[in-house]
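Visitor: Starting off with a structure, shown below.
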Number of protein chains: 2
Amino acid sequence: TALSLSLAAGAVANDDLQSMASDAKNWVMPTGDYANTRYSKLNKINKDNVKNLQVAWTFSTGVLRGHEGGPLIIGDVMYVHAPFPNTVYALDLNNDGKILWKYEPKQDPNVIGIMCCDTVNRGVAYGDGKIFLYQADTTLVALDAKTGEVAWSVKNGSTVDGSTGESGTSAPMVVKDKVIVGISGGEFGVRGHLTAYNVSDGKQAWRAYSMGSDEEMLIDPEKTTHLGKPVGTDSSTKTWEGDQWKIGGGTTWGWYSYDPELNLIYYGTGNPSTWNPSQRPGDNRWSMTIMARDADTGMAKWLYQMTPHDEWDYDGVNEMILADGIEIEGQPRDVLVHFDRNGFAYTLDRDTGELLVAKKYDPAVNWATEVVMDKNSDQYGRPQVVDKYSTDKNGEDVNTTGVCPAALGTKDQQPAAYSPKTKLFYVPTNHVCMDYEPYRVSYTAGQLYVGATLSMYPAPDSHGGMGNFIAWDAAKGEIVWSKPEQFSVWSGALATDGDIVFYGTLEGYLKAIDKDGNELYKFKTPSGIIGNVTTYEHDGKQYVAVLSGVGGWAGIGLAAGLTKSTEGLGAVGGYASLSDYTALGGQLTVFTVPDQ
Amino acid sequence: TALSLSLAAGAVANDDLQSMASDAKNWVMPTGDYANTRYSKLNKINKDNVKNLQVAWTFSTGVLRGHEGGPLIIGDVMYVHAPFPNTVYALDLNNDGKILWKYEPKQDPNVIGIMCCDTVNRGVAYGDGKIFLYQADTTLVALDAKTGEVAWSVKNGSTVDGSTGESGTSAPMVVKDKVIVGISGGEFGVRGHLTAYNVSDGKQAWRAYSMGSDEEMLIDPEKTTHLGKPVGTDSSTKTWEGDQWKIGGGTTWGWYSYDPELNLIYYGTGNPSTWNPSQRPGDNRWSMTIMARDADTGMAKWLYQMTPHDEWDYDGVNEMILADGIEIEGQPRDVLVHFDRNGFAYTLDRDTGELLVAKKYDPAVNWATEVVMDKNSDQYGRPQVVDKYSTDKNGEDVNTTGVCPAALGTKDQQPAAYSPKTKLFYVPTNHVCMDYEPYRVSYTAGQLYVGATLSMYPAPDSHGGMGNFIAWDAAKGEIVWSKPEQFSVWSGALATDGDIVFYGTLEGYLKAIDKDGNELYKFKTPSGIIGNVTTYEHDGKQYVAVLSGVGGWAGIGLAAGLTKSTEGLGAVGGYASLSDYTALGGQLTVFTVPDQ
Ligand SMILES: O=C(O)c1cc(C(=O)O)c2c(n1)C(=O)C(=O)c1cc(C(=O)O)[nH]c1-2
Ligand SMILES: O=C(O)c1cc(C(=O)O)c2c(n1)C(=O)C(=O)c1cc(C(=O)O)[nH]c1-2
């Protein structure tokens, strides 16, 4: 099996991973592939037979609350993870999902209190014969993939008891001999960083902060570029008042991509903290920034800040999808496509960081008119903020109303998919607006450091729902079609060579649509879906798997039992009616078509 | 719809219930019908097409641990209940299970600590336009079936804070204008009783204790009979030493049946407490007894004690199945059939309590050689205990080994089904033996009052598994066929006019077998099944529904996170390998055959 092959291969884990990932029967990384396309070459399940999709088997994780991410499938084994307490199961695909091993870490439950947006975990990674679990308490643990035994374990966060508000939710990524992890806690004044550990022994290889000195940020003032120009000395600290950058956010809790040829890792940084913009004048670099870093050294090659001086919590952490040969002005370009929380979708040259396209992917977006594309403008690359929606201009203790999108963005962490066949991006989106009232807040380590009261509601004067599932042309920067959904689509999409796209809904439906957005199949799973749809082949049959378990930021009301509308950082009110459709859960549902 | 019809009918709830139950499209009582047959006249899903069974939709209850019982289906609405905290949902069958209302009681979580065998609940009852929920804390609450609003609520247990160890797990039964509930706590020295409340206002109508004075027991010394003879004065207290009967157990946590023609309610009483038999010399009447009581007054017509002076915890609470025209010695008899924990299956005339058949339904049963059937013998009706397996004779602090069945019986609360078509009973059984070491224990209100250390294991020299699913001929007292299972079958069976029988397994499989026990279909649900399989028809299609959620006594290790083999009153060790197959859950899975 693929697993034993890889176990033999040893240290050069990435070669294995690349070849294992190129075998569409497996699903070896949380993101499917390094490019984060979430595209599968499997086509035994396709637009003609998907209507016959059936549930093949199911598995309960034994954990409630938000289940993000999806299982890994490596050879005959499926690895399933769960939110806090982050139980991991190895299931035997040859034996109806019999449990080969189970790992249940003991964690201080106090970490639950410092997780901003539910006790989620976006999945485990595989490499070098090990399964890497990044726990809520920021412990990164390497488990023997065959036995579940702990090979090594390291604490990524700075304190043992979570008292600085650091937590872990993101899925690690294995690149060559390293495993990469981020950090959460932007709502607690955590200063973000991305860290690489050796897969073999857990020794730290490099760490790159999101803000701070050039040394700490692994920035070369001469060589690291922003929109084609070297960033210069102290590019980060210069854009902050005093020491605010030390508690400045820019956490790294989203997805990571990797281009093996360029040897670059891509990811985005989160909101500057606090959410009260008056407390942090300046551009607050490098929060809200796409980073391209050398995989071996962590050195930044280029970066691009999407939302300078954020006033709306538009974290820049959403996935970077690497697509080849996208035709821009007649030229095929190898690009990075990013659907930002701020409602703009960006297409950049992924080698140079050149900004190619920046367009709204929801017409409701109103906080900015455009991103300036004129290279000669002093506004080049900057969104043009509409005064009315500037929570900074309106000031502290003033309720800025009708801002679109809401803080959870036109899209949050729920990953989109890209089909090289249609050259289209399939994007789960939010169609939600907000009122945002900043207030002065003082910092106490380990305490919530938000400084704004929010409420959220469906985008006004639209279809009444809180989401759309759209197809996007990243060359033109255009919505190709848009399928309205009652709630935000908080699940990750999957596109396949069978000419279908899958996604889940917060009510709990798994849906399959054709490339024009027509619904071909839907099934009501036990709980709301915020997991990412996965596919694999076993014993000659294609399967589709998805985790149910309502939660995440959108589902925080249900997940944490909150009912006041401004609770859950403002998300509770908008999604209140979700409780008419679903209840907490934690289940894997595996589908197949009987005759393939 | 049926629901609105019944809402109109008002007080004579039982007429509704009977006619509603006779419409096989509904499933209006936890037991399916008053006779507890769990037989459905539906046959659109049948032995020929059941292989095409598919999952139609699913629903997570938002609660983990053991999910016993099953949903009610009344017209277009399905009512789903959950273990502690006993959430109840009304789901709209016309709208993919959309939640019409949800009721989530607030209960003192301390009750969890006084539930012997997991935080289970066996289901809600319907009558008079109300849904009756019997909570863990012994609150009986009547909810408006349409809105979920509380109509009335009454506390069945004697104290408010559970400090006497009283709890509730059983499903209520509505009979005419009354709703009947039992009580749990035999492991806490609770004295059992059955209580009737008015459906209209929750006023107590009658209460019958399982032991005590004739008045408290609602026994008429002249008219109430035991094996054909009046019981005489003080039939209960006479068989106890001192006041031990006041903490004597005999709880009533199982199932209730009703014969509308005889107007008799049938149920069984649980173990005498403590489990240490040396502390309670005598027959310990009327623990371990089948009771036939007048539905209006509660007066006992007849009773029959199966296990006098219990030495093994063989609670007599298993369901009484009412079957008509069973031919005994050439005569068709209207009987009551009862598969007791003690390993004997009893057939009695349900009008007179005459003992017709008493035979072992597992050849492994060894604690008694037989039940004496000679009416002239002074041993008439009594099991003949084998000295070697007498924990009383062997005495305190002596480990009596190799007793079959184990304390959880050849069958526990998991209900059997009866098909009037085949005249056979389909019985989920345990194939488990035990070591039992009694020790002296003193009583403290609200504290565990068990006085024995147990360990359990598969019946030796057999197929190695811990269960069988059997077909039983109650006229002859013979096993017709027996299908081995790896674990005890802790789920309730369902027989249908489609010539199939359904049951669930602790690993989580829903299975369909034909009348000869051949497996026609199996499907792995999210978690181990200890729920009871239910069927209904909606919009012209037959459905099969079952709750998953491993737990109950057999699954207590998983449910409560216990690992020491003698924990969980001895069940943890025997079922330890269950964790290789399943994890905690709480899901409803609804199946159908697409082309019917
Ligand atoms: O700033 C942070 O550190 C941080 C962390 C997380 C997280 O780790 O889940 C979220 C966010 N921010 C956030 O802004 C956000 O919208 C969000 C949504 C979710 C989710 O899983 O649904 N997590 C997070
Ligand atoms: O004596 C009692 O009051 C009492 C209560 C219960 C219960 O209420 O669940 C069980 C038992 N005993 C018992 O003996 C037993 O085997 C048992 C199994 C289960 C279960 O749900 O799996 N409950 C109970």
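Each value in this text was obtained by applying a stated rule to the coordinates, not by laboratory testing. Just so it is clear, the structure is predicted and the values come from calculations on it, not from any experiment. Neighbour counts are summed over all protein chains in view; Cβ atoms, including those assigned to glycine, are modelled from backbone coordinates with ideal geometry.
Visitor: Enumerate the calculated ³J(HN,Hα) couplings along region B:571-582 in order (Karplus 6.51 cos²θ - 1.76 cosθ + 1.60, θ = phi - 60°), each rounded to whole Hz, writing x wherever the residue is Gly or Pro.
Guide: 8, 4, x, x, 9, 4, 6, 4, 5, 7, 10, 7
Visitor: Scanning chain A for GluC sites (Glu not before Pro) in DSSP loops with at most 12 other Cβ atoms within 10 Å, what's the longest stretch left with none?
Guide: Numbers: sites that count: A:Glu149, A:Glu222, A:Glu241, A:Glu261, A:Glu329.
No qualifying site falls inside A:330-596, the longest such stretch.
Visitor: Work out the length of the dipole vector of chain B about its Cα centre, built from +1 on the beta-carbon of each Lys and Arg and -1 on the beta-carbon of each Asp and Glu, and round it to the nearest 20 debye.
Guide: Working: 48 positive and 73 negative charges, 154 e Å.
Taking the Cα centre of chain B as origin, the dipole is about 740 debye.
Visitor: For A:Gln54, project a label point 7 Å along Cα to C-beta. Then give me every residue of region A:532-547 with its amide nitrogen under 15 Å of that point.
Guide: Residues A:541-544 qualify, since their backbone N sits under 15 Å from the label point.
Visitor: Enumerate the amide H contacts of B:Ile470 below 5 Å, restricted to partners 5 or more residues apart or on another chain; note that Pro and chain-start residues carry no placed amide H.
Guide: Excluding prolines and chain starts, which carry no amide H, the hits are B:Val427, B:Thr429, B:Lys483.
Visitor: Now, a different point. Take the cross-link list A:Lys524/B:Lys51; A:Lys522/B:Lys541; A:Lys483/B:Lys98; B:Lys511/B:Lys564 and give me the ones stretching past 29 Å between alpha-carbons.
Guide: On the way: A:Lys524/B:Lys51 22 Å; A:Lys522/B:Lys541 19 Å; A:Lys483/B:Lys98 22 Å; B:Lys511/B:Lys564 31 Å.
Over 29 Å Cα-Cα: B:Lys511/B:Lys564.
Visitor: OK, next. Shielding of A:51-57 by partners, i.e. mean partner chain Cβ atoms within 10 Å per residue? Please list the in-between numbers first.
Guide: On the way: counts 0, 2, 1, 6, 10, 3, 7.
For this peptide, the per-residue mean of nearby foreign Cβ atoms is 4.
Visitor: Ok, one more. List the pair-distance distribution P(r) of chain A, using every Cα-Cα distance, as the percent of pairs falling in each 10 Å bin from 0 up to the bin containing the longest distance, rounded to whole percents.
Guide: Answer for chain A: a P(r) of 4, 19, 32, 29, 14, 2, 0 percent.
Visitor: Using just the Cα positions, wrap the protein assembly as shown in a convex hull and report its mean projected area in square nanometres, one decimal place. Each step should come with its number before you reach the end.
Guide: On the way: hull surface 175.8 nm².
Projected over every direction and averaged, the Cα hull of the protein assembly as shown covers 44.0 nm².
Visitor: Next question. Along region B:177-194, what does the Karplus equation 6.51 cos²θ - 1.76 cosθ + 1.60 (θ = phi - 60°) give for ³J(HN,Hα), rounded to whole Hz, x for Gly and Pro?
Guide: So the J values, rounded to whole Hz, are 9, 10, 10, 9, 9, x, 8, 10, x, x, 8, 10, x, 6, 8, x, 7, 10.
Visitor: Counting just the Cα atoms, what span does region B:211-258 cover along each of its three principal axes? Round to the nearest Å and put the largest first.
Guide: 28, 27, 18
Visitor: Still on this structure, I have one more. Rounded to the nearest 500 deg cm²/dmol, what is the calculated helix-only ellipticity per residue at 222 nm for chain B, with -39500 (n - 2.57) per DSSP H run of length n ≥ 4? Please report the intermediate quantities before stating the final value.
Guide: On the way: 6 runs with 35 residues, N = 596.
My calculation for chain B gives -1500 deg cm²/dmol from helical runs alone.
Visitor: Now for a different question. Please give the average number of partner chain Cβ atoms lying within 10 Å of the Cβ of each residue in A:518-526, rounded to a whole number. Intermediate values should be presented prior to the final figure.
Guide: Values: counts 0, 0, 0, 0, 1, 6, 9, 7, 15.
Mean partner shielding for this stretch: 4.
Visitor: Here's something else I'd like to know. Per 5 Å bin, what percent of the C-alpha pairs of region A:213-334 does each bin hold, from zero upward?
Guide: All Cα pairs considered, the percentages come to 2, 12, 20, 22, 20, 13, 7, 4, 1, 0.
Visitor: Under 16 Å from a point 7 Å along the Cα-to-Cβ line of A:Ser158: which residues of region A:262-282 have their amide N that close?
Guide: A:273-274
Visitor: Please list the radius of gyration and Dmax for region A:261-325, considering alpha-carbon atoms only, with Å as the unit.
Guide: My reading of the Cα-based Rg and Dmax gives 13.3, 43 Å.
Visitor: A follow-up question, please. So what's the projected area for region A:64-135, the Cα convex hull averaged over all directions, in nm²? All intermediate terms of the calculation are to be shown ahead of the outcome.
Guide: On the way: hull surface 20.5 nm².
Convex hull of Cα atoms, orientation-averaged projection: 5.1 nm².
Visitor: Moving on. What distance in nm separates the two pseudo spin-label positions at B:Asn43 and A:Asn110, each 7 Å out from Cα along the beta-carbon direction?
Guide: With each label placed 7 Å out from Cα toward Cβ, I get 6.7 nm.
Visitor: Taking the number of other C-beta atoms within 10 Å as the exposure measure, put B:Arg191, A:Arg341, A:Arg382 in order starting with the fewest.
Guide: A:Arg382, B:Arg191, A:Arg341
Visitor: Restricting attention to the alpha-carbon atoms of region A:310-446, what are Rg (one decimal) and Dmax (integer), both in Å?
Guide: According to the Cα coordinates of region A:310-446, Rg and Dmax are 16.6, 53 Å.
Visitor: Compute the convex hull volume of the Cα atoms of region A:384-530, divide it by the residue count, and report the result per residue in Å³ as a whole number. Working shown, then result.
Guide: Values: hull volume 22.0 nm³, N = 147.
About 149 Å³ per residue, rounded to a whole number.
Visitor: Treating cross-link reach as a plain straight distance, find the lysines whose alpha-carbon is under 16 Å from the alpha-carbon of A:Lys130, omitting any fewer than eight places away in the same chain.
Guide: Excluding near neighbours in sequence, the set is A:Lys102, A:Lys146, A:Lys176, A:Lys178, A:Lys203.
Visitor: B:Glu216 versus A:Gln447, label points 7 Å from Cα toward the beta carbon: distance in nm?
Guide: 5.8
Visitor: Dimensions of region B:171-267 along principal axes (Cα, Å, largest first)?
Guide: 40, 33, 21
Visitor: Still on this model: Quick one: putting +1 on the C-beta of Lys and Arg, -1 on the C-beta of Asp and Glu, what dipole do you get for the protein assembly as shown around its Cα centre, in Debye to the nearest 20? Kindly include the intermediate steps, with their values, before the conclusion.
Guide: Numbers: 96 positive and 146 negative charges, 110 e Å.
The calculation lands at about 520 debye.
Visitor: Give me a comma-separated list of calculated 3J(HN,Hα) values for region A:422-436, in order, Karplus coefficients 6.51, -1.76, 1.60 applied at θ = phi - 60°, integers in Hz, x for any Gly or Pro.
Guide: My calculation for region A:422-436 gives 8, 6, 10, 9, 10, 10, x, 10, 9, 10, 10, 10, 8, 9, 9 Hz in order.
Visitor: Okay, next question. If every alpha-carbon in region A:447-596 counts as one equal scatterer, what log10 I(q)/I(0) does Debye give at q = 0.09, 0.15 1/Å?
Guide: Ignoring solvent entirely, the Cα scatterers give -0.33, -0.83.
Visitor: Also, quick follow-up: When we measure straight from the Cα of A:Lys229, which lysines land under 16 angstrom away, once same-chain ones fewer than 8 places off are left out?
Guide: A:Lys301, A:Lys375
Visitor: Turning to a different aspect of this structure: With a bin width of 10 angstrom, please list the P(r) values of region A:407-483 as percents of all Cα-Cα pairs, from the 0 bin to the one holding the largest distance.
Guide: That works out to 17, 34, 25, 17, 7, 0, in percent per bin.
Visitor: Under the Kirkwood approximation for Rh and a Cα-based Rg, what ratio Rg/Rh is obtained for region B:361-425?
Guide: Rounded to two decimals, Rg/Rh equals 1.08.
Visitor: Continuing with the same structure: Could you line up A:His431, B:His309 from fewest to most neighbouring Cβ atoms inside 10 Å? If you can, show how the numbers build up before the last one.
Guide: Values: A:His431 27, B:His309 20.
Fewest-to-most Cβ neighbours within 10 Å comes out as B:His309, A:His431.
Visitor: Report the label-to-label distance for A:Gln18 and B:Lys522 in nanometres (one decimal), using points 7 Å from each Cα along the Cα→Cβ vector.
Guide: Result: 4.4 nm between the two label points.
Visitor: Could I ask something else about it? Could you tell me what a quarter of the Cα convex hull surface of region A:29-104 works out to, in nm² with one decimal place? Write down the numbers at each step before the final one.
Guide: Details: hull surface 25.7 nm².
Result: a mean projected hull area of 6.4 nm².
Visitor: Same structure again: How many Cβ atoms of partner chains, on average, are near each residue of B:577-586 if near means within 10 Å of its Cβ?
Guide: Details: counts 0, 1, 3, 7, 5, 6, 13, 6, 11, 10.
The shielding value for this peptide is 6.
Visitor: Could you please rank A:Met288, B:Met434, B:Met115, placing first whichever residue has the fewest other Cβ atoms within 10 Å of its Cβ?
Guide: Values: A:Met288 30, B:Met434 23, B:Met115 26.
Least crowded to most crowded, the residues run B:Met434, B:Met115, A:Met288.
Visitor: Note the per residue figure in Å³ for the convex hull of the C-alpha positions in region B:516-596. Intermediate results must be reported in sequence, preceding the final value.
Guide: Numbers: hull volume 9.8 nm³, N = 81.
Here the figure is 121 Å³ per residue.
Visitor: Now a separate question. Under 14 Å between alpha carbons, and skipping anything fewer than 8 positions from A:Lys106 in its own chain: which aspartates and glutamates qualify?
Guide: Output for A:Lys106: A:Asp137, A:Asp161.
Visitor: Considering the Cα positions of region B:289-372, please state its Rg to one decimal place and its Dmax as a whole number of Å.
Guide: 13.3, 41
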